[in-house]
Amino acid sequence: MSLRRLIGFNLLSAVVLGVAGFYAGWWLGHQITGPSIAYFSATNQNDIALFVAYLVGVVGFLVGLGFANYPVQRLLGKPPTLREKEQQGAARYFGLCTDHKVVGIQYLLGIGAFIFIGGLNAMLIRFELMRPTHLVWNGNNYLTLVGVHGTMMMGMMTSGILGPFANYFVPLMIGARRMAFPRIEALTFWLLMAAGTILMTTFAFGGFPTGWTGYAPLNEQANMGMDAYIAFFALVGLSMTLLGLNMLATVITMRAPGMTWGRLPIFVWATVSTSVLMLLAAPVLISALLMLTMDRAAQTSFFNDQAGGSSYLYENLFWFFGHPEVYILALPGMGILLEILPVFSRKPLWGYRLAVTGMLGIGLMSFLVWQHHLFVSGINADVRPFYMLSTEIISLPTGFIFICALGTLWKGRIRATVPMLFSLAWLFNFLIGGLSGVFLSDVPSDVTTHGSFFSMAHFHYTIMGGLLFAFFAGIYYWVPKMTGYNFNERLGKWHFWIMFLAFNSTFGPLLVIGFLGMPRRVVTYAGYLQGANDWVSVSAFVLGASMLIFLANLIWSQVFARVPTGVNPWGSKSIEWQLPSPVPVHNFDRIPTFGSDPYPYGEDAGSMLAQRPVVSPARPTP
Amino acid sequence: MWSRSSDGRRIAAITVIGTAIVLPLVVFVLGPNMPPGKATEVAKGQVTDNTVLLVVMTPFTVFILGYLVYAIVVFRAPKGETELRDGASMRGHMPSQIAWLVTTTAAVLFLAIFGTTELLANNGAGSGSGPNPVAKPSGAMLPVQVIGQQWEFTYRYPTYGGVETAELVLPAGQEVAFHVTSLDVVHSFWAYELGVKADANPGVDNVAYVKPTKIGTFQIRCAELCGLWHGYMFDTGRVVGAADFNTWIAAQRKQFAGVEKYLPKYSPSYSPDPTFRAG
Amino acid sequence: MSELAHHSTDYSVVESESPQVMARNLRVASQLWASATVFFFFAFLFAYFYLRSLNSQHLWHPHTVKAPVGLGTVITACVVVSALAGWYAARRLEAGDERSWRSAGIAALALGLAAVVLQIVEFWTIGFGPTEGGFASVFLGWTGLYILFVLGTMYWLETLLATSFRYRGAGAAGHEPGEASGDPGRTGDDIDRPISLVRPGAGAFAFYWAVLAVIGVATWLILYLL
């Protein structure tokens, strides 16, 4: 590789400028705090310097990627162009690229890597819990592992499905050639990569003890590793807001002729509902984290009850974001489920309107339930019946999703392909997750289950059993379209069965362990729970090992075996499966016209297209 | 259509028979063994509550799982069928959608009303209900202040001269009002067998009521992440007879008499130092 | 090969989206971004009333903390007048009057930047610090972040004005309908003509700036007057 190709706006310059920016900011921060350094010397802690370092580092990273070119050009009134990055081939994947299909694959690999790190943390946590007392990690390391695992998963998985699959397939599904704001689309991805890297730096600054919820005032007492948590979640929040905005704008404005709201694929509806939550909930998170930043760096007292603030304020703001957040995680999974079931039952989606109502209803209701996380906290205890009611009402739209899934299976011709297996497992896991949630929504039961392993197992059933299974369903279903190469079916089935059984063998017992009185996030536990915990740990290791089968399958089938996918291996009637694999850069020669939704199985219409588009050369005259 | 077809009848039969088998097991075998046990009235109420939730869930669970298994077995495409054949084109079925909506709504409303009744009838059901709960037990109460601090709980008995002890001992048969507060970060006071959980927030008096009836010990754990030694923040409390309690508290007062004058005056919450700044 | 598309690598097809679609994108985005902004400041609104109602340790609002009402009123007035000027400028551009758009736009820009400068002056002379209770925290955090939003919006206005000045002679009118996007259903000029996006951009900007000004007035009412 020649030197010329290394210099320019690419990942290498981004990393160099990011690191340089970090140290420049670190130096600058110490200059700013110079006069008051006496204050910090007592604790050897300089939060201002670290915040400035992260800020300058992220800016440097983005400048290195080339994100500054466009704003600077616009400042001078120069014309906008998408042609900032016209490399061919693999180089496109290592830099700023505005092609929504490249961004989708970038998301898949980038987020996959961070999820893998989060999963490794879980393995280390489970290793510690094989003994009721101290085994390997000291208190601080253990809590940091717990915190990084939770924060990484909750932050990265928000875009876990929307990032790869919505970016790649929503424009195709609605008949567009691009997203409404392609540069913002690329930005959301690279912000996440910067954020994930920042979160990993917490180990260099002593970690953070608060878990992913980061409750005040522990978060103000914590050492500098806490700043990594704040910077991570703020960047993720920004990425989520922009992703939601971009998705909504795309679906509202870029739909092709004939693609009415009533014909949108259900996955696009799930994306819309998720995007609304992202757009409105994430800014509240950013606000809360900025308040926390000010508390830590400028000594304000938002969350400090000794000086006119309140730790309740943080809990309220965090969960006002936090509950929509968990539906940001769940909804895309429902979308994938209902998108895949019709294909492998060879039936139209049953109760399309009900499913859409369910998704929008979940989105709306999720803003009204946040205080159920605070049932025993003493906040507004008299309004708990309202939150109990609203929380239980949210199971109604969730029930819509279930009945639509069951109705779609009715008298279908079910084929047990790997994506279908993951979808059916979704139904089982989410059922357990939903039912265990009822205990948490009921105050008398919540007294036992709140803050215990029961609630931890509950949300792993909904998020891991729901989101991650849907994520894998999406991977096995769509990645052949994205790369052009099939997965190995046999390895896929091994992966599925081991993952499904190990998952239930891990989290099923955890529900019981929680009921028996084991709190979350503890490094020690009662001796009589050791047998159960050892069982869970071993199951968790098997669960982790099943991911290695997936990795082997990914590398084997996509790098070595390379069996071509062809246009439509699943026999789907959705439009993305009428395109070549992988999809060409411009998506469509001509913008298609739609005549139905993508589920005309058993109906006269052969595909969802109203008319066969005329084949024409791809390049029009400029 | 689907409710009249033989498939529909079979799934209905699976649901009814399955529920008929599972429900007695839930009520008579699983229910009585649900946590948190029968040491207090509040805990008994929670066991009832857990059982009722299970009973309501049972038919739904049996229906969905039965349907799933039935669908996977019966609606499976024949093995070796290579040609793709479409299933019936059904885009919905209003009566079954309405039936589902009505059933789930009824269940949800029942659960919400039931939960609210249990919450109020059991005086907050052992949950931390803020400084001034609406539902209070009548009659004399023993106030016990639980002070969360990194990383232990201490207990003050304001009716016994505000003595602060490191051990929680309660008299049996006496209604107790826990006043939970914190000196530093958020903790959560979880007395498992008593069926009590209340967050300890700095500057807040969080009240939970319970009436221990059974003499014995109970576990206490911190249930909210509170920093470095959170995992080691546990303790064992005791419920003793009234006479034993009086002996114990007198001994405690004697033992801590020298410390008593250095303690701050009893108050619903404490601020160690108004100029204290975290961070 | 499928009937819908053939393999080729050409960004220019992707790029040639019709300005009508781009204009809708901008309008929709400004509405969505405005709603996100409202929720962002909603957190501070909530913090204000929540901390005020709790008044923990009676340190919500010590008497020494006094919001500088005079300066605050001037800042808010600058923002409101700038928003009105922006609205007027966008209306004039819609009517095809590019000269008035540019002059009113410059006035709006100057007023917005004046608000930023005055806010910095206010922080410089404010007489209380972030450590002095809940109100001081909310006041400094809210106004500080608000003025960052103002600064960002002024950057947006500047880009529109800069494009407008650079392509002064080109004219916003004069469409060249064609199959630029390779789609007979979509007509309009190409985004190779940046001037075609200034008009919808100005409309989108004016909407967002008006929303931000309303938030500014609410800020003023709550932090300075209440």
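Taking the residues in the stretch A:297-315 that are surrounded by 24 or more Cβ atoms within 10 Å (Cβ to Cβ), within 7 Å of chain C (Cβ to nearest Cβ) and not hydrophobic (A, V, I, L, M, F, W, C) as candidates, determine which candidate is nearest to residue A:369 (Cα to Cα).
Step by step, filter the stretch A:297-315, then rank; the result is A:310.
Every residue, every condition in (1) within 27 Å of residue A:205 (Cβ to Cβ); (2) more than 14 Å from chain C (Cβ to nearest Cβ); (3) part of a loop (DSSP other than H, G, I, E, B), yes or no:
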position	(1), (2), (3)
A:155	yes, yes, no
A:163	no, yes, no
A:166	no, yes, no
A:180	no, no, yes
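Quick check on residue B:52: is it more than 8 Å from every other protein chain (Cβ to nearest Cβ) and touching a helix residue (DSSP H, G or I) at 6+ places or on another chain (Cβ under 7 Å)? Spell out the reasoning first.
On the way: more than 8 Å from every other protein chain (Cβ to nearest Cβ): yes; touching a helix residue (DSSP H, G or I) at 6+ places or on another chain (Cβ under 7 Å): yes.
When the stated conditions are applied, residue B:52 passes them.
Results for (1) at the interface with chain A (Cβ under 8 Å from one of its Cβ atoms); (2) under 25 Å from residue A:278 (Cβ atoms); (3) at pLDDT 95 or above, shown as yes or no for each residue.
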residue	(1), (2), (3)
C:2	yes, no, no
C:8	yes, no, no
C:13	yes, no, no
C:20	no, no, no
C:25	yes, yes, no
C:38	no, yes, yes
C:44	yes, yes, yes
C:55	yes, no, no
C:73	no, no, yes
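Which members of the stretch A:321-353 meet the condition of being open to solvent by 10 Å² or more (accessible area, probe 1.4 Å) and on the phi > 0 side of the Ramachandran plot?
A:346 - this is the single residue of the stretch A:321-353 that is open to solvent by 10 Å² or more (accessible area, probe 1.4 Å) and on the phi > 0 side of the Ramachandran plot.
Answer yes or no as to whether residue A:95 is modelled with pLDDT of 95 or more and open to solvent by less than 20 Å² (accessible area, probe 1.4 Å). Step through it out loud before you land on a result.
Details: modelled with pLDDT of 95 or more: no; open to solvent by less than 20 Å² (accessible area, probe 1.4 Å): yes.
Spelling it out, it is not the case that residue A:95 is modelled with pLDDT of 95 or more and open to solvent by less than 20 Å² (accessible area, probe 1.4 Å).
Restricting the search to the stretch B:150-163, which residues are surrounded by fewer than 19 Cβ atoms within 10 Å (Cβ to Cβ) and closer than 30 Å to residue A:140 by Cα? Show your work before the answer.
So in the stretch B:150-163, the residues surrounded by fewer than 19 Cβ atoms within 10 Å (Cβ to Cβ) come out as B:150, B:152, B:154, B:158-162.
Listed by number, the residues that qualify are B:150, B:152, B:154.
Condition first: open to solvent by less than 10 Å² (accessible area, probe 1.4 Å), of a type in the set (Ser, Thr, Tyr) and farther than 24 Å from residue C:48 by Cα. Can you find one or more residues in the stretch A:277-296 that meet it? Before the answer, list the steps.
Step one: of the stretch A:277-296, the residues open to solvent by less than 10 Å² (accessible area, probe 1.4 Å) are A:277-279, A:281-285, A:287-289, A:291-292, A:295-296.
With of a type in the set (Ser, Thr, Tyr) added as a condition, the list becomes A:287.
Adding the requirement that they be farther than 24 Å from residue C:48 by Cα leaves none.
Within the stretch A:277-296, not a single residue is open to solvent by less than 10 Å² (accessible area, probe 1.4 Å), of a type in the set (Ser, Thr, Tyr) and farther than 24 Å from residue C:48 by Cα.
Take residue B:119 and decide whether it is surrounded by fewer than 18 Cβ atoms within 10 Å (Cβ to Cβ), facing chain A (nearest Cβ under 9 Å) and of a type outside the set (Gly, Ala, Ser).
Values: surrounded by fewer than 18 Cβ atoms within 10 Å (Cβ to Cβ): no; facing chain A (nearest Cβ under 9 Å): yes; of a type outside the set (Gly, Ala, Ser): yes.
No: the conditions fail for residue B:119.
Out of the stretch C:55-83, which residues are assigned to a helix (DSSP H, G or I) and free of Cβ contacts under 8 Å to residues at least 12 places away in the same chain? Even if it seems obvious, please write down each step before you answer.
Here is the first cut: in the stretch C:55-83, the ones assigned to a helix (DSSP H, G or I) are C:56-58, C:69-83.
Once the filter is applied, which keeps residues that are assigned to a helix (DSSP H, G or I) and free of Cβ contacts under 8 Å to residues at least 12 places away in the same chain, the stretch C:55-83 yields C:57, C:58, C:70, C:77.
Residue B:147 is checked against (1) open to solvent by 30 Å² or more (accessible area, probe 1.4 Å); (2) modelled with pLDDT of 90 or more and fails just one. What number does that condition carry?
(1)
Based on what the data block shows, is residue A:329 closer than 18 Å to residue A:247 by Cβ, out of contact with any helix residue (DSSP H, G or I) (no Cβ under 8 Å at 6 or more places or on another chain), more than 9 Å from chain C (Cβ to nearest Cβ) and not in a loop (DSSP other than H, G, I, E, B)?
On the way: closer than 18 Å to residue A:247 by Cβ: yes; out of contact with any helix residue (DSSP H, G or I) (no Cβ under 8 Å at 6 or more places or on another chain): no; more than 9 Å from chain C (Cβ to nearest Cβ): yes; not in a loop (DSSP other than H, G, I, E, B): yes.
When the stated conditions are applied, residue A:329 does not pass them.
From the residues in the stretch A:555-583 that are touching a residue at least 24 places away in the same chain (Cβ under 8 Å) and in a helix (DSSP H, G or I), which one is farthest from the other protein chains (Cβ to nearest Cβ)?
Once the filter is applied, the top-ranked residue is A:556.
Being without any contact (Cβ under 8 Å) to a residue 60 or more places away in the chain, surrounded by 13 or more Cβ atoms within 10 Å (Cβ to Cβ) and not aromatic (Phe, Trp, Tyr) is the requirement here; does residue B:230 meet it?
Working: without any contact (Cβ under 8 Å) to a residue 60 or more places away in the chain: no; surrounded by 13 or more Cβ atoms within 10 Å (Cβ to Cβ): yes; not aromatic (Phe, Trp, Tyr): yes.
So residue B:230 fails the test.
Being open to solvent by 40 Å² or more (accessible area, probe 1.4 Å), at pLDDT below 80, within 20 Å of residue A:176 (Cβ to Cβ) and not in a loop (DSSP other than H, G, I, E, B): is that true of residue C:31 here? Please lay out each step first, then the result.
Numbers: open to solvent by 40 Å² or more (accessible area, probe 1.4 Å): yes; at pLDDT below 80: no; within 20 Å of residue A:176 (Cβ to Cβ): yes; not in a loop (DSSP other than H, G, I, E, B): yes.
So residue C:31 does not fit the description; no.
Considering every residue within the stretch A:230-237, establish whether at least one is open to solvent by 10 Å² or more (accessible area, probe 1.4 Å) and aromatic (Phe, Trp, Tyr).
Kept after step one, since they are open to solvent by 10 Å² or more (accessible area, probe 1.4 Å), are these residues of the stretch A:230-237: A:231, A:234-235.
Still in the list and also aromatic (Phe, Trp, Tyr): none.
No, every residue in the stretch A:230-237 fails to be open to solvent by 10 Å² or more (accessible area, probe 1.4 Å) and aromatic (Phe, Trp, Tyr).
Take residue B:169 and decide whether it is touching a Phe, Trp or Tyr at 6+ places or on another chain (Cβ under 6 Å) and open to solvent by less than 10 Å² (accessible area, probe 1.4 Å).
On the way: touching a Phe, Trp or Tyr at 6+ places or on another chain (Cβ under 6 Å): yes; open to solvent by less than 10 Å² (accessible area, probe 1.4 Å): yes.
Yes.
Of the numbered conditions (1) open to solvent by less than 30 Å² (accessible area, probe 1.4 Å); (2) touching a residue at least 40 places away in the same chain (Cβ under 8 Å); (3) within 14 Å of another protein chain (Cβ to nearest Cβ), residue A:522 fails exactly one; give the number of that condition.
(2)
So residue B:37 clears everything in (1) open to solvent by less than 30 Å² (accessible area, probe 1.4 Å); (2) over 17 Å from the mean Cα position of the chain (by Cα) except one condition, right? Which one?
In the conditions (1) open to solvent by less than 30 Å² (accessible area, probe 1.4 Å); (2) over 17 Å from the mean Cα position of the chain (by Cα), residue B:37 misses (2) alone.
Out of the residues in the stretch C:84-130 that are part of a helix (DSSP H, G or I) and of a type in the set (Phe, Trp, Tyr), which is most open to solvent (accessible area, probe 1.4 Å)? Walk me through how you get there before you give the answer.
Going through the stretch C:84-130, the residues part of a helix (DSSP H, G or I) turn out to be C:84-94, C:98-124.
From what is left, the residues that are of a type in the set (Phe, Trp, Tyr) are C:87-88, C:101, C:123-124.
Working: C:87: 120, C:88: 120, C:101: 2, C:123: 69, C:124: 219 Å².
Taking the candidates together, the pick is C:124.
So which residues in the stretch C:36-66 are open to solvent by less than 40 Å² (accessible area, probe 1.4 Å) and more than 18 Å from residue A:315 (Cβ to Cβ)? Even if it seems obvious, please write down each step before you answer.
Within the stretch C:36-66, the first condition is being open to solvent by less than 40 Å² (accessible area, probe 1.4 Å), and the residues that meet it are C:36-37, C:40-41, C:43-44, C:47-48, C:50-51, C:56, C:60, C:62, C:65.
Within the stretch C:36-66, C:36, C:37, C:40, C:41, C:60, C:62, C:65 meet the criteria.
Got a number for residues in the stretch A:431-450 being under 20 Å from residue A:211 (Cα atoms) and open to solvent by 10 Å² or more (accessible area, probe 1.4 Å)?
2
Say we look at the stretch A:354-378 and pick out the residues that are at the interface with another protein chain (Cβ under 9 Å from one of its Cβ atoms) and closer than 16 Å to residue A:442 by Cα; which of these is surrounded by the fewest Cβ atoms within 10 Å (Cβ to Cβ)? Before you say what the answer is, go through the steps one by one.
Step one: list which residues in the stretch A:354-378 are at the interface with another protein chain (Cβ under 9 Å from one of its Cβ atoms), which gives A:354, A:374-378.
Narrowing the set further to residues that are closer than 16 Å to residue A:442 by Cα leaves A:374-378.
Numbers: A:374: 21, A:375: 30, A:376: 31, A:377: 29, A:378: 25.
So, considering only residues that are at the interface with another protein chain (Cβ under 9 Å from one of its Cβ atoms) and closer than 16 Å to residue A:442 by Cα, the one surrounded by the fewest Cβ atoms within 10 Å (Cβ to Cβ) is A:374.
Just to be sure, is residue C:88 of a type in the set (Ser, Thr, Tyr) and within 14 Å of chain A (Cβ to nearest Cβ)?
No: the conditions fail for residue C:88.
Residue-wise test of (1) modelled with pLDDT under 95; (2) over 16 Å from residue A:466 (Cα atoms); (3) part of a helix (DSSP H, G or I).
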site: A:317; (1), (2), (3): no, yes, yes
site: A:335; (1), (2), (3): no, no, yes
site: A:348; (1), (2), (3): yes, yes, no
site: A:355; (1), (2), (3): no, yes, yes
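Return yes when residue B:59 is in contact (Cβ under 8 Å) with a residue 24 or more places away in the chain and within 30 Å of residue B:123 (Cβ to Cβ) and no when it is not. Break it down stepwise before answering.
On the way: in contact (Cβ under 8 Å) with a residue 24 or more places away in the chain: yes; within 30 Å of residue B:123 (Cβ to Cβ): no.
Criteria not met by residue B:59.
If you go through the stretch A:204-219, how many residues are closer than 21 Å to residue A:520 by Cα and either in a helix (DSSP H, G or I) or outside the structural domain of residue A:137 (by TED's automatic domain parsing) (or both)? Give the derivation first.
Narrowing the stretch A:204-219 to residues closer than 21 Å to residue A:520 by Cα: A:207-219.
Keeping just the survivors that are either in a helix (DSSP H, G or I) or outside the structural domain of residue A:137 (by TED's automatic domain parsing) (or both) gives A:218-219.
So the count comes out to 2.
The values are calculated or read from the model by the stated rules, or taken from the named source; none is laboratory data. Model, not experiment: these values are computed from the prediction. Cβ: placed from backbone, ideal geometry, glycine included. Neighbour counts: every protein chain shown. Note: areas computed on protein heavy atoms with side chains; ligands, DNA, RNA excluded. Shrake-Rupley method; radii C 1.70, N 1.55, O 1.52, S 1.80 Å.
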